[in-house]
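*Asks:* Before anything else, here's the structure in question.
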Amino acid sequence: MTSVLKAQALGKRYGRRWALRECTIDIPAGHVVGLVGPNGAGKSTLLKLASGQLEPTAGGITVLGGRPGGTPAQLAKVGFVAQETPVYAGLTVAEHLRLGARLNPRWDDGMARERIARLGLVPTHRAGKLSGGQRAQLALTLGLAKRPDLLILDEPAAALDPLARHEFLQGLMEAAAEHELSVVLSSHLVSDLERVCDYLIVLVDSRVQIAGKPDQLLATHHRLTGPRRDPDGRQEASARHSARLPDGAHAVVAQHRDQVSDSRHEVSEGRHEASARRSDRLPGGLYVVSARHTDRQSTYVVRADGPVHDPAWTVGRLSLEDLVLAYMDQRTAENRRAAPEVQG
Ligand SMILES: Nc1ncnc2c1ncn2[C@@H]1O[C@H](COP(=O)(O)OP(=O)(O)OP(=O)(O)O)[C@@H](O)[C@H]1O
């Protein structure tokens, strides 16, 4: 299958700080890809690397088989709509279309005019006088009429009200289906991405945490809920030293040790051991994404290759939002290794 975006150990550093690191992804063509993550996670950095506006510090990236921004032909194949939906305030809607026609060899003027008319944008109106939603639609029209093979949008609907956002994303989906376009868009709004995307990338702390088709991601992640047998972490730590651990518990503790963090008890080494100790009750072969404990109950979000059957735990389904939030949880991210990609 052709890759629309392929990155191998891709990294970008600003000064001494990594904005993106060890990013390895392979996105097949023909998808609407959602890129989600907290502020400062590296989303814009990845999108700018993909559109050739930034050069990598480490690793490599190809887009539609070529180096981003490498040749005029490559530039023509990729459209980019930046975060602030850039339009020229002093130019009219019609002047934007004329500029687009002059700058883009594959420009589809008929489509641009038809779309502008359908959206009710008046050609003689200056972009500076348009509403935020209208400006976003104008910027999307320019991106689509360029007739790219890949359209990259950095938080395109962030400033729009829910109705305008709905219309914007609807238009994007229709255009993607009609023109067999691959799309990569970033957003903070998982509900938006859930509606339009058939491939998701979660980026946290400059690293890709997970990537794949939403149904596959949901099939491999579960919520495990069970009683917290010993709600006091200190008692649990001392219990560990009194050699009352079940056979084999040490091995399991070692297996999960760097995968688990307790959102409320992470102060000392003893506490850390206590939190690792709790995970020894989880079924084997799980990757712990997040862990939460109340006095009486423990809740884990875990990734598993197969179904989880363990009478000690209630296994529940996650929504996509639950899954993304579990990965985005900064309190657990620190102690987690980057998860391998789920290929779709
Ligand atoms: N030009 C720059 N110079 C220095 N640091 C930068 C620059 N651009 C981004 N960064 C830093 O790189 C990190 C990633 O930034 P980036 O804009 O890619 O994040 P983001 O996920 O798009 O965030 P947001 O959701 O807030 O737009 C941040 O810590 C940011 O401060």
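*Asks:* Would you confirm whether or not the stretch 47-63 contains a residue that is within 16 Å of the ligand (Cβ to nearest atom), among the polar types (S, T, N, Q) and not in a loop (DSSP other than H, G, I, E, B)?
*Replies:* No, that holds for no residue.
*Asks:* Turning to a different aspect of this structure: Does residue 16 meet the test of being touching a Lys or Arg at 6+ places or on another chain (Cβ under 9 Å) and within 13 Å of the ligand (Cβ to nearest atom)?
*Replies:* Values: touching a Lys or Arg at 6+ places or on another chain (Cβ under 9 Å): no; within 13 Å of the ligand (Cβ to nearest atom): yes.
Answer is no for this residue.
*Asks:* So which residues in the stretch 182-202 are under 15 Å from residue 7 (Cβ atoms) and out of contact with any strand residue (DSSP E or B) (no Cβ under 6 Å at 6 or more places or on another chain)?
*Replies:* If the condition is that a residue be under 15 Å from residue 7 (Cβ atoms) and out of contact with any strand residue (DSSP E or B) (no Cβ under 6 Å at 6 or more places or on another chain), then no residue fits.
*Asks:* Within the stretch 86-102, does at least one residue satisfy the condition of being in contact with a Phe, Trp or Tyr (Cβ under 9 Å, 6 or more places away or on another chain), modelled with pLDDT of 95 or more and within 14 Å of the ligand (Cβ to nearest atom)?
*Replies:* No, the stretch 86-102 has no match at all.
*Asks:* Pick from 117, 136: which is in the same structural domain as residue 47 (by TED's automatic domain parsing), more than 22 Å from residue 7 (Cβ to Cβ), in contact with a Phe, Trp or Tyr (Cβ under 8 Å, 6 or more places away or on another chain) and among the hydrophobic types (A, V, I, L, M, F, W, C)? So that I can check it myself, show each step before the final result.
*Replies:* Details: 117 fails: in contact with a Phe, Trp or Tyr (Cβ under 8 Å, 6 or more places away or on another chain).
Answer to the selection: 136.
*Asks:* OK, next. Does any residue of the stretch 119-127 turn out to be of a type in the set (D, E, K, R), farther than 18 Å from residue 196 by Cβ, touching a Gly at 6+ places or on another chain (Cβ under 7 Å) and at pLDDT 90 or above?
*Replies:* yes
*Asks:* Right, something else. Please go through the stretch 132-159 and pick out each residue that is part of a loop (DSSP other than H, G, I, E, B), buried (at least 22 other Cβ atoms within 10 Å of the Cβ) and within 24 Å of the chain's Cα centre (by Cα). Outline the logic, then answer.
*Replies:* Kept after step one, since they are part of a loop (DSSP other than H, G, I, E, B), are these residues of the stretch 132-159: 146-149, 155-159.
This time we only want the ones that are buried (at least 22 other Cβ atoms within 10 Å of the Cβ), so: 146, 148, 156-157.
If the condition is that a residue be part of a loop (DSSP other than H, G, I, E, B), buried (at least 22 other Cβ atoms within 10 Å of the Cβ) and within 24 Å of the chain's Cα centre (by Cα), then 148, 156, 157 are the ones that fit.
*Asks:* Are there any pairs, at least 6 apart or on different chains, whose C-beta atoms fall under 7 Å, with the first in the stretch 29-48 and assigned by TED's automatic domain parsing to the domain that holds residue 206 and the second within 8 Å of the ligand (Cβ to nearest atom) and among the acidic types (Asp, Glu), and if so, which?
*Replies:* The qualifying pairs are 44/154; 47/154.
*Asks:* Right, next: Which members of the stretch 160-182 meet the condition of being within 23 Å of residue 37 (Cβ to Cβ), among the aliphatic types (A, V, I, L, M) and surrounded by fewer than 18 Cβ atoms within 10 Å (Cβ to Cβ)?
*Replies:* Step one: filter the stretch 160-182 for residues within 23 Å of residue 37 (Cβ to Cβ), giving 160, 162, 165-166, 168-169, 172-173, 176, 182.
Narrowing further to those that are among the aliphatic types (A, V, I, L, M): 160, 169, 172-173, 176.
Scanning the stretch 160-182 gives a single hit, 173.
*Asks:* For the stretch 64-81, what are the residues that are surrounded by fewer than 20 Cβ atoms within 10 Å (Cβ to Cβ), small (Gly, Ala, Ser) and either assigned to a helix (DSSP H, G or I) or touching a Leu at 6+ places or on another chain (Cβ under 9 Å) (or both)?
*Replies:* 69, 73, 76
*Asks:* Considering only residues of the stretch 29-46 that are closer than 22 Å to residue 176 by Cβ and part of a helix (DSSP H, G or I), which is farthest from the ligand (Cβ to nearest atom)?
*Replies:* The selected residue is 46.
The values are calculated or read from the model by the stated rules, or taken from the named source; none is laboratory data. Worth saying up front: this structure is predicted, and the values here are computed from it rather than measured. Every residue, glycine as well, gets a Cβ built from its backbone with ideal geometry; the counts of neighbours run over all protein chains shown.
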